[in-house]
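Down below is the structure, laid out as structure tokens.
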Amino acid sequence: MSLDLETIFAGKRAFHTNLAERPIAEKLRMLDALRERELAIRGRTAPSASFVFREDPALFRPKPQ
Amino acid sequence: MRIQEVIRTINQMQADGVIERYAIGGAVGATFYLEPVATLDVDIFITFNAEAGRLLVSPQPIFDYLIARGGVMEGEHVVIAGWPVQFLPPHSPLVEEALNEAVTQDVDGIPARVFSAEHLAAIALQTGRAKDKARLLQFVESGKLSAERFQAIIKRHHLVAAWDKFETQFLTP
């Protein structure tokens, strides 16, 4: 493992190239799997009123005299 | 859930004369050239078989054909083999040309008509959403584009200014 950014970027590029070069049938199977995973994640995190994160509004009050 | 099943069904629909011609576009089309990127639907561009005596073409025969074979309507999509499939008529001269010049690729023995890499890149440039720009960048970096062919397409479809802007924004150090 390297902490050199150039090496890291080169590794990432190689990984993406390798994925792109896979046989088409294999890449389409990956799409099937990606969609299933995406749907599973969406199902689990479907927005509901009780689950919404809200930030309390800032309080602006006049300075005490 | 299998895209290959979708392709087989579309081929059969073409063989049965419901559609004249088709080509896969969008993220699934791009996957034929690039790394796979998650997508929720399949975009199929088609030319309709106009019914005799009718001036307006309707997608209804497609829906009827697919529903009779187990497809399910879901909004504007027909769900085939678990995938929502959207059928799109060519909406611009560029897409029309892409459909005419689509290439046949082999998927484990199943023929699939797909937009060429250059047309997919030009359509991404024309559409211009953030995800389209990301896709165009992927095409450029992948080295899968024929520069000559791509330049000819963007010239023909008046996209040179859009390309110059994209180049300045993303490809100029």
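Observations
- Residue list for segment B:15-31, filter: buried (at least 17 other Cβ atoms within 10 Å of the Cβ) and in a helix (DSSP H, G or I): B:26, B:27, B:28, B:29, B:30, B:31
- Test: residue in segment A:37-49 that is touching a Leu at 6+ places or on another chain (Cβ under 8 Å), at pLDDT 90 or above and under 25 Å from residue B:37 (Cβ atoms): no
- Taken over segment B:101-113, the criterion of being within 14 Å of another protein chain (Cβ to nearest Cβ) and either touching a residue at least 60 places away in the same chain (Cβ under 8 Å) or of a type in the set (Lys, Arg) (or both) is satisfied by B:105, B:107, B:108, B:110, B:111, B:112, B:113.
- Single match in B:95, B:28 (criterion: more than 14 Å from chain A (Cβ to nearest Cβ), within 22 Å of residue B:135 (Cα to Cα) and among the β-branched types (Val, Ile, Thr)): B:95
- Residue in segment B:114-130 that is within 13 Å of chain A (Cβ to nearest Cβ), under 21 Å from residue B:6 (Cβ atoms), in contact with a Ser or Thr (Cβ under 6 Å, 6 or more places away or on another chain) and not in a helix (DSSP H, G or I) present: no
Residues are listed down the side, and each one gets a yes or a no for (1) assigned to a helix (DSSP H, G or I); (2) within 13 Å of chain A (Cβ to nearest Cβ); (3) at pLDDT 95 or above:
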| site | (1), (2), (3) |
| --- | --- |
| B:33 | no, yes, yes |
| B:39 | no, yes, no |
| B:53 | no, no, no |
| B:66 | yes, no, yes |
| B:99 | yes, no, yes |
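- Residue B:148 closer than 14 Å to residue B:29 by Cα and free of Cβ contacts under 8 Å to residues at least 40 places away in the same chain: no
- Among the residues listed as B:160, B:79, the single one being within 25 Å of residue B:2 (Cα to Cα) and either at pLDDT 95 or above or surrounded by fewer than 14 Cβ atoms within 10 Å (Cβ to Cβ) (or both): B:79
- Single match in B:92, B:146 (criterion: under 28 Å from residue B:9 (Cβ atoms) and hydroxyl-bearing (Ser, Thr, Tyr)): B:92
The values are calculated or read from the model by the stated rules, or taken from the named source; none is laboratory data. All values derive from a computational prediction rather than experimental measurement. Heads up, the Cβs are rebuilt from the backbone with ideal geometry, glycines too, and the neighbour counts pull from every protein chain shown.
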